[in-house]
Amino acid sequence: MKTTIKYIFGFIGASSATMLIFILPAVFYLKLVKKEPLRSPQKVGALIFLVLGIIFMIGSMALIIIDWIYNPPNSKHH
């Protein structure tokens, strides 16, 4: 399989964008805010945000890999 910059940017974008938008803010909030209990609405929201970020990252990476498999770079479909 010949790698193109489109596939590299897609894979890096799928992982770094979800890390920066969803996962890291939630983890930082959960680690830095010690005064609130874990069952507080803010921490529950951060946990939901964290889980959704992980799901989005896995889903987007899976879609990119499926695209690599079914539409290889040397095909004429793109």
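Just so it is clear, none of the values below were taken in a lab; they were calculated from the coordinates. Since we're looking at a predicted model, the values are computed, not measured. Note that each Cβ is placed from the backbone with ideal geometry, even for glycine, and that neighbours are counted across all protein chains shown.
Things to note:
- Only one of (i) 14.5, 52; (ii) 17.1, 57; (iii) 16.6, 58 was calculated from the structure for Rg and Dmax of the Cα atoms in Å, and its label is (ii).
- Two tests apply to each whole DSSP H helix in the chain, Cα reach of 27 Å or more along its axis and mean Kyte-Doolittle hydropathy of at least -0.5, and the ones passing both are 41-70.
- Dipole-positive endmost among F22, Y70, F11 within segment 5-70 (Cβ charges, Cα centre): F22
- Environment charge of A46, counting only residues whose C-beta is closer than 15 Å and scoring Lys/Arg +1, Asp/Glu -1: +4
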